[in-house]
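The values are calculated or read from the model by the stated rules, or taken from the named source; none is laboratory data. As the structure is a computational prediction, the values presented were derived from the model and not from experiment. Don't worry about glycine lacking a Cβ; one is built from the backbone with ideal geometry, like all the others, and counts go over all protein chains shown.
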Amino acid sequence: MQEDIKIIPLPEEIISNELLNEVYKTGTINFYDFATSRYAADENGLGKTKTAASHLVKEKLAKYTDEEHTLLSISNYGRYWILQGGYLAFLKGNHEPKEHTQDMHHSKEELLEARLKLTHFRLIAFWLTLILSILGFFFSLINFYLIISVKK
């Protein structure tokens, strides 16, 4: 029998979870105010909150809304994870940023070449249809002239 191992989250993870929940409730939050109101007794509370905020932005769960990087707002991805259980549920999912490989770069180059080739064919088709339309217009003018000249 294997027992479930409970992982005790680190304080930074708890701060990240509380910060994400607070941002979800209020919409936009100044995380410095959040840190001073919640963690005034902890001497490293402000630093941990700053680290938690930058980590949430790095994971794309939240985003900064000002140039000074003090106001934090939730992203759609963050709303999704709040509904799934919060930041701790996000951590249980073992989400790691995707690393770009040579195969991905090569496939992007192939897609770019295909797009360029299709764009080239579209341009050729555009000019051909324009030329055919102009020729059809001139033929209809010649036909109209011949009809009028025969009736005279």
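Take the residues in segment 60-75 that are over 15 Å from the mean Cα position of the chain (by Cα) and in a loop (DSSP other than H, G, I, E, B), then tell me which one is surrounded by the most Cβ atoms within 10 Å (Cβ to Cβ).
Looking at the filtered set, the residue picked out is 70.
So which of 124, 82 ends up being in a helix (DSSP H, G or I) and either closer than 18 Å to residue 21 by Cβ or in the same structural domain as residue 17 (by TED's automatic domain parsing) (or both)? Full working, then the answer.
Working: 124 fails: either closer than 18 Å to residue 21 by Cβ or in the same structural domain as residue 17 (by TED's automatic domain parsing) (or both).
Exactly one of 124, 82 is in a helix (DSSP H, G or I) and either closer than 18 Å to residue 21 by Cβ or in the same structural domain as residue 17 (by TED's automatic domain parsing) (or both), namely 82.
If you go through segment 1-59, how many residues are closer than 23 Å to residue 83 by Cα, outside any helix (DSSP H, G or I) and modelled with pLDDT under 85?
Counting residues in segment 1-59 that are closer than 23 Å to residue 83 by Cα, outside any helix (DSSP H, G or I) and modelled with pLDDT under 85 gives 5.
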